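Only one structure is covered here, and it is reproduced in the block below.
Computed from the coordinates by the stated procedures, all read-outs in this text should not be read as laboratory data. From a predicted model like this one, the values you see are computed outputs, not experimental measurements. We place every Cβ from the backbone using ideal geometry, glycine too, and count neighbours over all the protein chains shown.
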Amino acid sequence: MRMDFRFNFFPDEDESKEPSAHSETQPCSATRQDERPAVKRDCIKAAKEHRIPADGSEVLHNKVLQTASGLYYVNMAVVELTCRDGAHGEDIVSKSVSSHSDLIPGVYEGGLKIWECTYDLMEFLAEAEIQFANKRVLDLGCGAGLLGIVALKGNAAEVHFQDYNSTVIEEITMPNVVANCISGGNEADSKEDRKNVKPPSKRRKELEPLPDGLTRCRFFSGGWSEVSQLLLDSKPCSKYDLILTSETIYNPDYYGALHDTLAQLLAKDGRVYLASKVHYFGVGGGIYLFEKYLEERKVFRSSTVKEVEDGLKRYILEIAFQDSA
Ligand SMILES: C[S@@+](CC[C@H](N)C(=O)[O-])C[C@H]1O[C@@H](n2cnc3c(N)ncnc32)[C@H](O)[C@@H]1O
């Protein structure tokens, strides 16, 4: 399984002969003066809700399950192999492989991998004993959806999952949720994988199925503004007590949409827990830039609740409305 992350936004001299991340696959991207590809508004993916099939175990067909930190998740290398034939209209697997990039702005936003800050946030949620019982939770930019699954296991009243790419929701997020909800994902092979993932040190409970779990979940794909609008238009529209989001502030072009989505969807006294690396080289975003953005907009206050010093520094921010309790 590939677990190294590649951002080919500023090819350095050594990489200049590699295929460009955008030349073939980005009819929608525009190049700005600083050469970082921007995404035109009308190229952002529309919002869509994905329904779980009546027989939930269908989504585990052809999947190989692994476990880490007491959670099931699908082996992503197998998903990559089975999706390489362009079975999904988005064709993000081939595009990611051919562009040598784990991020193609406006096309593929990285959800086929589990990014390391997910594990930081899982560890923080366990250490801080964040309570999910009876809360409405959104896993924003969910990818594998492990944060939302932790909330589900903590008896959240509802957990909604959002990823930019529909392929990610259908091939990864939903199977992961189903695998953790039905009896051990018994349609699929399961093996423990300790090699490629770094599970949190504070381990959660064993792999207990969540029989009613699926009825508490909804799944959405599309751009943040678009999904936010879809949720606001749905009646009744209730806001989220907790929004969990990991590795979603790498691209400063998206800060406006992300900020407004948090502002529109967070309950008055709700909390956002955001995990990020200090800086995303080659992409431009990072924790300081995002904190500065929050300060300038004057809607939220934020504080650092955890720092991880191991390698490139990583942070967890707690974000709340300025006038909240
Ligand atoms: C780098 S991935 C992180 C995935 C996952 N949270 C993790 O930590 O493993 C970034 C995620 O943010 C979402 N995302 C990024 N930009 C987005 C945008 N403009 N609109 C909607 N979703 C976006 C993508 O769906 C993607 O899953």
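If you count, for each residue, the other Cβ atoms within 10 Å and average over each peptide, how do 118-129, 161-172 line up from highest to lowest?
My ranking of the peptides, most packed first, is 161-172, 118-129.
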**OP:** Filter the cross-link list K235/K292; K153/K306; K48/K313; K153/K298 down to pairs whose alpha-carbon distance in this structure exceeds 31 Å.
**Re:** K235/K292; K48/K313; K153/K298
**OP:** With both partners inside segment 57-321, how many of the DSSP beta bridges are antiparallel, as a percent to the nearest 5?
**Re:** 45 percent
Subject >> Nitroxide proxy distance, nm - points 7 Å out along Cα→Cβ at V299 and E58 >> reply: 3.7 nm
**OP:** Using a Förster distance of 35 angstrom, determine the FRET efficiency expected from the C-beta separation of R51 and E307, and round it to 0.05.
**Re:** 0.30
**OP:** Apply the Kirkwood formula to segment 57-321: the hydrodynamic radius equals the inverse of the mean of 1/r over all pairs of different alpha-carbon atoms; give it in Å with one decimal.
**Re:** 18.5 Å
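Rounded, prolate or oblate: which one fits segment 209-268, using the alpha carbon gyration tensor with axes a ≥ b ≥ c (rounded when a/c is under 1.5, else prolate when a/b beats b/c, else oblate)?
Values: a/c = 1.98, a/b = 1.48, b/c = 1.34.
Prolate.
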